[in-house]
Amino acid sequence: MSGSSAAQATHARRPLLRLAIGALGVVYGDIGTSPLYALRECFHASTGIEPTHADVLGLLGLFFWSMTAVVTIKYVALVTRADNEGEGGILALLALVLPKRPSTKIPAFVLLGLFGAALLYADGMLTPAISVLSAVEGIDGIVPGLDRRVVVGVSVAILLTLFGLQSRGTGGIGAVFGPVMLVWFLTLGLLGAYWISTMPSVLWAIADPRHAIAFFVRHGLAGYLVLGSVVLCITGGEALYADMGHFGRSPIARAWTLFVWPMLILNYFGQGALLVAHPELHTDSFFAMVGTGWARIPLVLLATCATVIASQALISGAFSLTRQGMQLGYLPRLEIRHTSGSHEGQIYVPEVNWLLMTACIALVVGFQSSSRMAAAYGIAVTGTMAITTGLFFMVTRKRWGTARAGAIAAAMLIVDLAFFGANLVKIESGGWIPLAVATLILLAMTTWKRGRDRVGKSLRSRSLPLADFLAGVEIRHLPRVPGTAVFMTSSNHATPPVLLHHVRHNQALHEQVVLLSIATSAVPFVQREHRVEVETLGRGFHRVTARYGFMHTPSVTEVLRAAEKHGLHTDPRDTTFYLGREKLVVTHRAGLSYGRKLLFAFLSRNARSATDFFAIPPERVVEVGMQIEL
């Protein structure tokens, strides 16, 4: 694992047990709810008829070896070692291999990484829908013949409540995530152990991998395509990696290896034992483990709580992904609310929240059942897994050498592509949805990046070398008025166009002029003492450079306070911030297509203002309008 960060130091100080229990709620929510529907979907996808003893053993073997190869070996043992100063996730991985020099073209591997991130948004849309709907479907066993509209209505109500509570932050409800998931996993394990005790022969699926191989031989192509449903048991692997920064690698690895993985295996094999004895229950193998009596009611309630937690983990992940995308320059500025005064990672992004809520409800109403929705599930996760493997190779070849990294990545990619290929047949029956959503998100991300590059190029063409401007100030003897003027700029060597515009029209300058540049580093966090640099340029001019990690939200007032330690003193009462407001004119000039220019103009109009995003006091802001042709 590379280096150390402030976040990692914090993790090290916390009790390991507390971190491990907390990781149960945040990291394993998605994968922990897969027993609700994974095994059922396998039989539905393979033959649609009651399973044989041999089929049960074959599928249990596939479940065990899939979880071992993908989650335990790939993610826990290998991919979590490719961290970005303690942070994980596909954008954190991408940040490690981004080109150092800016380019007008986005490299193919960057596009691939962005598409993987876009697929995670699609996963965040599908997971809450299918998880909540699967849990609520357990009511069917309590009230036989229940109208499907009631199940859909209850699911929609739960989703509305879940998304409605997001603005309050995850701190309060997060405190109970770990204990609830602890009870959930213990319940999974105990139910599984009971049924295994009635049919211990199912454990031969672990001891003898030939049962899994025989399943493929017996069913041929249909057996291979079942991998499209087997993937449901490993969908949380990518979320596990993405949430690594909250807890650290060691607690996640221990919680998975010593507790979560064994409990899941016990439950899957317990369901298998149940199906050997009662193959007719293959359409409801999870809730059938407690029969149709009173015990189903608390199990349905517990399952619903577990699915809400799983959904919360994906929603929070979407918020973090959005902030990373904004800081890396691939998403427009959106409103970010910090919901905790002590935890930097607890944020709320209203626009993303309501878009995800709308999409989840539309999926529940459209598909009506988790079995139908399972057709749309898998494409997004397997696609992201394959892309993560590619980026993993690019990062680790510098550490381990091309041969070693290539051999490991090739083995992982074979497994990833096997699952991805099995999911391709789902495209027609719903798998096109996550692909379409991810494509639209990728289009927006690349359009924003290309559009901002064109705007930056236009602004630079209007600029003047800073040295020439300072020399002109000395010659012209411009009047100086009391106070401080802050001009934000993206270049350390060019004069901000807003400053030129200001001098041209006002023919005066403040006594103190600050040229403020905020840069995002390809690391998650920049330590506070290394964040701000101040350079005195003479003639009352100062250049301030603030560097933030992609997991931080910049604050201009915080930067100016930090600059005081470097000798730059500003009084908030007489400090004025000059910002540019671009008016975009869409033309038919070469470059971006006309449609993408319209999209960029739309995104730009709806982006959050720099005043809000950089936490600048609005009463101290002067905006200067500039017209830019695209």
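What length, rounded to one decimal in nm, is gained on full extension from Leu598 through to Arg620, with 0.36 nm per residue of separation minus their alpha-carbon distance? It would help to have the intermediate numbers written out before the result.
Values: separation 22, 0.36 × 22 = 7.92 nm, distance 3.19 nm.
Separation in residues times 0.36 nm, less the Cα-Cα distance, equals 4.7 nm.
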| query | Counting Lys and Arg as +1 and Asp and Glu as -1, what is the net charge of the other residues whose Cβ lies under 13 Å from the Cβ of Ser517? | reply | +1
| Semi-axes of the chain's equivalent ellipsoid from the Cα gyration tensor, sqrt of 5 times each eigenvalue, largest first, rounded to whole Å? | 52, 23, 23
| Given that compact globular proteins tend to follow 2.2 N^0.38 Å, what is the ratio of the alpha-carbon Rg of region 506-630 to that value? | 1.25
| field | In Hz, Karplus ³J(HN,Hα) per residue of region 257-266 (6.51, -1.76, 1.60; θ = phi - 60°; x = Gly, Pro) | value | 5, 8, 9, 5, 4, x, 5, 5, 4, 4
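From Cα pairs below 8 angstrom and at least 6 apart in sequence, can you work out the relative contact order of region 255-381, rounded to a whole percent? Let's see the in-between values first.
On the way: 55 pairs, mean separation 15.5, N = 127.
Reported relative contact order: 12 percent.
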| query | How high is the relative contact order of region 157-303, in percent, counting Cα pairs under 8 Å that sit 6 or more residues apart? | reply | 38
| Under a Cβ-Cβ cut-off of 14 Å, what is the net charge of the residues other than Gly406 that fall near it, where Lys and Arg count +1 and Asp and Glu count -1? | +4
| field | Contact order normalised by residue count of the chain, Cα under 8 Å, 6+ apart, percent | value | 20
| message | Let me cross-check His53: its accessible surface, 1.4 Å probe, with only protein heavy atoms counted, in Å² to the nearest 10? | response | 90
| said: Can you give me the C-alpha center-to-center distance between region 557-599 and region 210-242, rounded to a whole angstrom? | reply: 50
| message | Taking amide H atoms as placed 1.01 Å from N in the peptide plane, list the residues 5 or more away in sequence, or in a different chain, whose amide H sits under 5 Å from that of Thr576. | response | Thr484, Ala485, Val486
| query | What number, rounded to the nearest 500 deg cm²/dmol, is the helix-based mean residue ellipticity at 222 nm of the chain, given -39500 (n - 2.57) per DSSP H run of at least four residues and division by all its residues? | reply | -18000 deg cm²/dmol
| message | Tell me the Kirkwood radius of region 212-252: reciprocal of the mean inverse pair distance over distinct alpha-carbon atoms, in Å. | response | 12.4
| Estimated vicinal HN-Hα couplings, Hz - region 431-439 in sequence order (Karplus 6.51, -1.76, 1.60; Gly, Pro = x) | x, 5, 4, x, 5, 5, 4, 5, 5
| field | At q = 0.18 Å⁻¹, base-10 log of I(q)/I(0) for region 450-567 (Debye sum, equal scatterers on each alpha carbon) | value | -1.00
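For Lys583 and Trp354 in the same chain, what is the full-extension length gain: residue separation times 0.36 nm, less their Cα-Cα distance, in nm?
My answer for the length gained is 79.6 nm.
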| Taking amide H positions as placed 1.01 Å from N in the peptide plane, with prolines and chain starts having none, which residues 5 or more places from Val481, or on another chain, fall under 5 Å of its amide H? | Leu509, His510, Glu511
| DSSP bridge pairs, the chain: antiparallel proportion in percent, nearest 5 | 25
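Treating the beta-carbon of each Lys and Arg as +1 and of each Asp and Glu as -1, no other charges, what is the dipole magnitude of the chain about its Cα centre, to the nearest 20 debye? Could you put the intermediate results ahead of the total?
On the way: 52 positive and 37 negative charges, 395 e Å.
That gives the chain a dipole magnitude of about 1900 debye.
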| Amide proton proximity set for Gly89, modelled H, under 5 Å, gap of 5+ | Ala242
| task | Please give the net charge around Ala374, taking every other residue with its beta carbon less than 10 angstrom from that of Ala374, where Lys and Arg add +1 and Asp and Glu add -1. | result | +2
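The values are calculated or read from the model by the stated rules, or taken from the named source; none is laboratory data. Bear in mind that the values here come from a model prediction, so they are computed numbers and not experimental data. Don't worry about glycine lacking a Cβ; one is built from the backbone with ideal geometry, like all the others, and counts go over all protein chains shown. Each accessible area value is taken on the protein alone, full model and side chains, heavy atoms only, with ligands, DNA and RNA left out. Shrake-Rupley method; radii C 1.70, N 1.55, O 1.52, S 1.80 Å.
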